[in-house]
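To keep things clear, I will list the structure first and then write my remarks on it.
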């Protein structure tokens, strides 16, 4: 393949990675930004979404489209429910102390992993894509489903933005993020906002996983990469800025696509470069690319 | 807005020369603090409809802690707070403002990244108030109407204070708690805040005002409570005090 078409392929692959990563990272960014909780179990919410999507696909082995649509609804809801329970039963009781919540979410990470191992098993399992058509470009054919993933992630991110920026729920969440004591003094039930935020954050990771699972198989240890890359994206973009998170996700996704597809570096090399990028940003702009300098 | 009940005559308030409406907020012997540090030691006070009670005292006397205790933001270890006949000190913190307590916190504490309109919206949502109240509040502070889409952090100090007061008035509060609203403002702005507090009296709202300036306190307060060591040491009619009264020297140090 000539370099031009290869570059196009790399950009497409990178955009798919970026789209899924952006969804996952926005979920982490919400919990990090609003609740100040470093959710180490975020990748496991992603994994739970993927594993649940496989279970849903087993109910309708002959109707992948129906299974996919059902999974898009059921998986984020179930995972959000699990997250709300984790918030109310565990994080709230720790008063959201930073150190305690880190340890608690590490504990959750192992619990979810072991639960998935017990009920799902140690094997990676594929989920059939909801549709199979290839978009034939002059140089190569490309998966129509992957293009759909980019579109779907874009629509979902737009919905998240509308929720945060344009609705009363979003206003309440933003007010809580800025000053939770004053929010309480204006009748905002901060406990409920936190439970909801943790649920939405986990639900976004789950829906990203439902999108990704026809491309990348479901496995009980698949949560590690999304967790680390999400943290990289959130730190790179700046705490609590949706825009920063999106742009950082695109940056990391395209970096990954270019390095591993166009220049044939091993995938780990892209992660090394991403980590280096974060290190440099932390040195020169500790608040992230788009974060506001505090104090 | 509750109807403005006529003043109760007779000796209901022994300390009151000018009788106000019915008692709106009653703080009875409350104890509270932060962890093991006890700040309020059996503090008692009451404030009536249409009355301005000004609280003065040295730093650390417990004035701000009192407001936090009334709002339910710190737990009481003793005593109770009653609003309009209902005990509110057992409610979760977010229910207290819904009963009609508006807070103008020390240092304003606006939602700085939100616009003026959004800050007001948060206030309106507290008690489900709508366009009518919003319009009324914006009529009180026309400068805010010109800046509705401005991010509140970028307002001037005086405008930020107007917004903090406007946000609290969006609740149509029965009780308004103002924590040093004139702090750091220029004289014209102080005069505006003073006039606003005075005008609010006529609407029947019961106001607790924490104030360090003797002239402001004397010009708006009906009564002045002197707070010392976590309790109200003395309550005096503002009309009976002058700027050189010994209480200011004793309790405030001015």
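Each reported figure results from applying straightforward, stated rules to the coordinates on display, with no laboratory input. Note that the structure is a prediction, hence the values are computed from the model and not measured. Every residue, glycine among them, receives a Cβ derived from its backbone with ideal geometry; neighbour counts consider all protein chains shown.
FRET efficiency for the pair residue B:203 and residue B:37, taken as 1/(1 + (r/R0)^6) with r the Cβ-Cβ distance and R0 = 41 Å, rounds to 0.65.
What is the calculated FRET efficiency for residue B:117 to residue A:292, with r their C-beta to C-beta distance and R₀ = 25 Å, to the nearest 0.05? Display every interim value, and only then the final one.
On the way: r = 21 Å, r/R0 = 0.83.
Result of the calculation: an efficiency of 0.75.
Distance from the alpha carbon centroid of the stretch B:114-130 to that of the stretch B:84-113 works out to 14 angstrom.
As a rough footprinting exposure proxy, the listed residues A:54, A:139 were ranked by other beta carbons within 10 Å of their own, and the order from fewest upward is A:139, A:54. Is the stretch B:70-136 best put as rounded, prolate or oblate by its Cα gyration tensor, with a ≥ b ≥ c the root eigenvalues, rounded for a/c under 1.5, and otherwise prolate when a/b is larger than b/c, oblate when not? Because a/c hits 1.5 or more and a/b fails to exceed b/c, the stretch B:70-136 counts as oblate. Distance from the Cα centre of the stretch A:18-83 to that of the stretch B:192-248, in angstrom? The distance from the Cα centre of the stretch A:18-83 to that of the stretch B:192-248 comes to 57 Å. If R0 equals 41 Å, the separation of the Cβ atoms of residue B:98 and residue A:110 corresponds to a calculated FRET efficiency of about 0.50.
Kindly provide the helix-only [θ] at 222 nm of chain A, computed as the sum of -39,500 (n - 2.57) over DSSP H runs of four or more divided by all residues, to the nearest 500 deg cm²/dmol? Working shown, then result.
On the way: 11 runs with 203 residues, N = 295.
Counting only the DSSP helices, I get -23500 deg cm²/dmol.
The ranking of A:145, A:96 from fewest to most other beta carbons within 10 Å of each one's beta carbon is A:96, A:145. Which angle between 0 and 90 degrees, to the nearest 10, do you get for helix A:42-59 versus the longest principal axis of chain A when only C-alpha atoms count? Result, in degrees: 60.
Working from the Cα coordinates of chain A, the gyration tensor eigenvalues give, after taking √(5λ), semi-axes of 31, 24, 18 Å in decreasing order. Divide the volume of the convex hull around the Cα atoms of the protein assembly as shown by the residue count and you get 177 Å³ per residue. Taking chain A as a Gaussian network of alpha-carbon nodes connected by springs under 10 Å, the highest mean-square fluctuation of the residues A:51, A:20, A:172 belongs to A:172.
The label-point distance for residue A:265 and residue A:282, in a model that sets each label 7 Å from Cα toward Cβ, rounds to 1.9 nm. Shape of chain B from the C-alpha gyration tensor: rounded (a/c under 1.5, with a ≥ b ≥ c the square roots of its eigenvalues). Projected onto planes of every orientation and averaged, the convex hull of the alpha-carbon atoms in the stretch A:40-130 covers 5.9 nm². Across chain A, the relative contact order, built from alpha-carbon pairs under 8 Å that are at least six residues apart, equals 38 percent. For the residues A:256, A:191, A:62, a GNM of chain A with alpha-carbon springs under 10 Å puts the largest fluctuation on A:62.
Per-residue ellipticity at 222 nm from helix content only, as computed over chain B with -39500 (n - 2.57) for each DSSP H run of at least four residues, stands at -8000 deg cm²/dmol. Percent of Cα pairs in the stretch A:155-295 per distance bin of 10 Å, from zero to the largest separation: 10, 32, 35, 17, 4, 0.
Under 20 Å from a label point set 7 Å out along the Cα-to-Cβ vector of residue B:243, the amide N atoms of the stretch B:48-62 belong to B:54-58.
State the Cα centre-to-centre distance between the stretch A:202-262 and the stretch B:132-175 in whole Å. Here the answer is 41 Å between Cα centres.
Computed from Cα positions, the angle between helix B:131-140 and the longest principal axis of chain B comes to roughly 70 degrees. Of the candidates B:232, B:116, B:37, which one comes out as most mobile in a Gaussian network treatment of chain B with C-alpha springs shorter than 10 Å? With Cα springs under 10 Å in chain B, the top fluctuation among B:232, B:116, B:37 is at B:37. Computed from Cα positions, the angle between helix B:116-126 and the longest principal axis of chain B comes to roughly 60 degrees. P(r) tail, the stretch B:111-242: Cα-Cα pairs separated by more than 20 Å, 48% of all pairs. Among A:211, A:250, A:85, the order by Cβ neighbours within 10 angstrom, fewest to most, reads A:85, A:250, A:211.
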